[in-house]
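Structure first, then comments.
What follows is calculated from the coordinates using simple rules that are stated; it is not laboratory data. Predicted, not measured: the structure shown is a model, and the values here were computed from it. Here the Cβ is made from the backbone with ideal geometry for all residues, glycine too, and neighbour counts use every protein chain on show.
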């Protein structure tokens with residue numbers, strides 16, 4: 001994986017001086033092989049997580065709004081989700 005893939009995200013987040021802040025994670029994942037559960041396991045338990053299935057039930061949009069303490073936390077979760085095969089990070 002490109003080591004600088006999330007450099008811009010980290011930079012933009014670090015410009016914010018109002019930590020902790022509410023951040024919205026959004027992923028689209030295939031609806032098979034436990035991929036939704038893998039994404040759920042990465043997300044903060046304190047966040048509000050919602051799921052929306054595509055009409056053919058092949059994919060699930062996972063959205064989580066959570067209070068995050070640092071840019072590093074956000075980038076770490078995003079990088080881990082990106083490593084799951086078939087997951088699209090939005």
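Computed from the C-beta positions of residue 85 and residue 49 and an R0 of 25 Å, the FRET efficiency is 0.75 to the nearest 0.05.
Pop the C-beta distance of residue 21 and residue 58 into the FRET formula with R0 = 30 Å and round what comes out to the nearest 0.05. Can you show the working numbers first?
On the way: r = 33 Å, r/R0 = 1.11.
FRET efficiency, residue 21 to residue 58: 0.35.
Cβ crowding within 10 Å ranks 25, 51 as 51, 25, fewest other Cβ atoms first. Rounded to the nearest 500, the helix-only mean residue ellipticity at 222 nm of the chain stands at -9000 deg cm²/dmol, with each DSSP H run of n ≥ 4 adding -39,500 (n - 2.57). Note on residue 4 and residue 69: with the Förster distance fixed at 35 Å, the Cβ-Cβ geometry gives a FRET efficiency of about 0.90. Short-range pairs are left out: with C-alpha atoms under 8 Å and at least six residues apart, the relative contact order of the chain is 38 percent.
Using alpha carbons only, the radius of gyration of segment 1-45 set against its Kirkwood radius gives Rg/Rh = 1.06.
For the chain, a Gaussian network of Cα nodes joined below 10 Å ranks 70, 61, 46 by mean-square fluctuation, and the top entry is 46.
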